[in-house]
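Inspection log for the structure reproduced underneath, given as structure tokens.
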Amino acid sequence: MTAAALSGCDLFKGIFGRNDQPTTAPSTTVAETTAPPTEATTAPLPISTTPAPTKAEQSSQNGGGESSMQGAPDDDPTPKEYSGMVLVDNAFYTDQTLGLAFYMPEWVNKVYARSEYMGNAYSLSFYEKTNYEWGVDENGWDGMGMLFTVYASDTEATGENIEYPAGSLLVAGQRMFLTYFKPTDVRCDPSDQTRISNYQDAYDRQFDIFKSATVLQGREYIPSTNPNHIDLADMG
């Protein structure tokens, strides 16, 4: 993303106070890259910030996706939770519901994560910290700072604008189809150069971090047949 693209920040002028802006991936039935958020019908599971094992450690495990690796001591006084988010405070981030482990050392203490159920779907999203906090504190909207979402549903997303189906895996015994999706507009404060820079620095790494995802053992991962698919590393 170029610096020029960040001029798109002004797209957000006038939208604050509304809760209908997209923060999750598209419906599997429409060819769009955004959709209004759906109310959760079941309580979200707690987001796991347990650091994932290295690939060598994963290979030596007997399944279950549990990590044996302990995080380094953290002297950062930054709160670990903020407005429903959990701070990424380790180079490895594992979502135990999906059974995906991401490697994101550049995002440590700079990015929040949020996971939630939405009917028969589940999403895991990452947000740049300073813009997310600005959006909530100044405008009462929790969509600022969004970097990318991994969206899981019981049917595979289709449509010309769907970005990168990423195969399917078992979640609680049910096969779920994964889709990577990023916001279609820039989610930063257009009036603050520091927040613009913070967002761009994080966003520049978001696709590589998505592709770093490793599927933990026992999830029976199957790559997608979509021509634009991304294959995740399967440790099973």
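Since every read-out is calculated from the coordinates, none of them should be taken as a lab result. Computed from a prediction, not measured in an experiment: that's the story for all the values here. Every residue, glycine among them, receives a Cβ derived from its backbone with ideal geometry; neighbour counts consider all protein chains shown.
As a rough guide to protection, the peptides 172-182, 190-200, 121-131 ranked by mean Cβ packing within 10 Å, highest first, stand as 121-131, 172-182, 190-200.
Charges were assigned to the Cβ only: +1 to each Lys and Arg, -1 to each Asp and Glu. The resulting dipole of the stretch 125-211 about its Cα centre is roughly 340 debye. Label separation (Asp137 vs Glu106): 2.5 nm, computed from points 7 Å beyond Cα along the C-beta direction. With the simple model of a label 7 Å out from the Cα in the direction of the Cβ, Ile222 to Ser197 spans 4.9 nm. 3J(HN,Hα) couplings calculated from phi for the stretch 126-141 with the Karplus curve 6.51 cos²θ - 1.76 cosθ + 1.60 (θ = phi - 60°) are, in sequence order, 10, 9, 5, 4, 5, 6, 4, 5, 4, x, 6, 5, 8, 10, x, 10 Hz; Gly and Pro show x.
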